[in-house]
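A quick write-up on the structure given underneath.
Only the coordinates and a few stated rules stand behind these numbers; no lab work does. The shown structure was predicted, so the numbers you read here are calculated from the model rather than taken from an experiment. Methodologically, a virtual Cβ is constructed for each residue, glycine included, from the backbone with ideal geometry; neighbour enumeration extends over all protein chains shown.
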């Protein structure tokens with residue numbers, strides 16, 4: 001039994017198919033089948049049930065899978081640690097970001113990081129703040145960046161950088177020429193908001209609640225599941241919204257959208273670096289977090 005065989009075995013379990021596993025590891029299907037048979041012979045235990053085109057782990061296979069994933073993770077950690085010791089981080093890192101930092105901050109940081117460390121592969125998952133926090137807790141990603149604090153005590157949440165939300169309206173809107181308005185003066189305007197679980201939505205509701213204003217006092221015309229969808233809805237004239245100017249810098253500069261301050265409410269917030277409190281970060285994750293902390297502000301720039 002060797003680590004390569006265990007790697008092939010985990011791919012068969014995860015993909016539920018010998019042919020898909022073969023594609024994933026760049027081997028022929030008969031070769032993958034041969035490796036699994038050798039592993040079963042070595043352990044004297046059937047590991048995979050072949051049910052038509054579906055490959056499912058037996059009870060013994062499930063037990064081996066739990067150990068195999070840990071062994072392979074330890075191998076990756078050892079490789080990363082040795083690379084870090086030699087000053088050359090390599091390997092793969094899974095991270096996540098909520099909509100604004102995930103789309104408008106982290107890609108710039110990853111691009112700069114990759115220039116310094118080209119042998120590192122980073123996968124970035126975009127979700128809302130709640131799903132990012134859940135992924136960090138579950139261990140499917142090592143760290144995340146979000147726009148709102150989570151009450152979950154399993155997470156460490158360190159302030160990373162500032163952000164600024166304003167009222168965003170189309171250039172043709174009657175308010176477009178104003179520099180600032182009060183929240184009550186726009187209560188009747190069709191308002192587009194983000195979905196439940198969004199950090200922007202959570203922060204928006206908190207600012208309103210702190211001022212004694214309920215969300216139901218606004219004229220909510222739509223609830224959309226991404227910043228990009230809200231942006232396009234505003235441009236289409238479906239309503240106005242309050243969200244980060246980072247998401248519309250290009251539109252503000254070309255004049256298709258306008259940014260207006262809310263004079264009686266403070267919509268400044270922070271982005272937070274979140275990690276699992278009890279899970280030791282891999283050396284590669286620590287490398288990236290250090291780089292992110294040191295460079296995010298300069299790379300992402302000031303908000304307008």
Estimated [θ] at 222 nm from DSSP helical runs (n ≥ 4, -39500 (n - 2.57)) normalised by residues in the chain, nearest 500: -14000 deg cm²/dmol
Stretch gain in nm, segment residue 281-residue 182, where the contour uses 0.36 nm per residue and the Cα spacing is subtracted: 31.1 nm
Separation between Cα centres of segment 238-253 and segment 139-177, rounded to whole Å: 13
Where labels lie 7 Å past Cα in the beta-carbon direction, separation of residue 152 and residue 88 in nm: 3.7
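Find how much the distance from residue 210 to residue 27 grows on full extension, using 0.36 nm per residue of separation minus their present alpha carbon separation; answer in nm with one decimal. Let's see the in-between values first.
Values: separation 183, 0.36 × 183 = 65.88 nm, distance 5.93 nm.
Computed gain between residue 210 and residue 27 is 59.9 nm.
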Per-selection metrics, the chain (Cα): Rg and Dmax in Å: 24.1, 77
Binned Cα-Cα distances of segment 163-269, short to long, each 10 Å bin given as a whole percent: 15, 55, 29, 1
Principal axis dimensions, largest first and in whole angstrom, of segment 32-185 by Cα: 76, 43, 33
Choice from 42, 173, 164 showing the highest fluctuation, given a GNM over the chain with Cα pairs closer than 10 Å: 42
Within a Gaussian network of the chain (alpha carbon springs, distance under 10 Å), most fluctuating of 158, 216, 264: 216
Residue 63/residue 226 FRET efficiency (R0 45 Å; Cβ-Cβ; nearest 0.05): 0.65
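Give me the extension gain from residue 4 to residue 108: residue separation times 0.36 nm, minus the current Cα-Cα distance, reported in nm with one decimal. Before the final figure, lay out the partial values.
Working: separation 104, 0.36 × 104 = 37.44 nm, distance 3.45 nm.
So the extension gain works out to 34.0 nm.
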Residue list for segment 120-162, given a label point 7 angstrom along the Cα-to-Cβ vector of residue 195 and an amide N cut-off under 18 Å: 125-136, 146-148
Model label zone, residue 219; criterion: amide N under 16 Å from point 7 Å along Cα-to-beta-carbon; scope segment 172-195: 173-176, 182-193
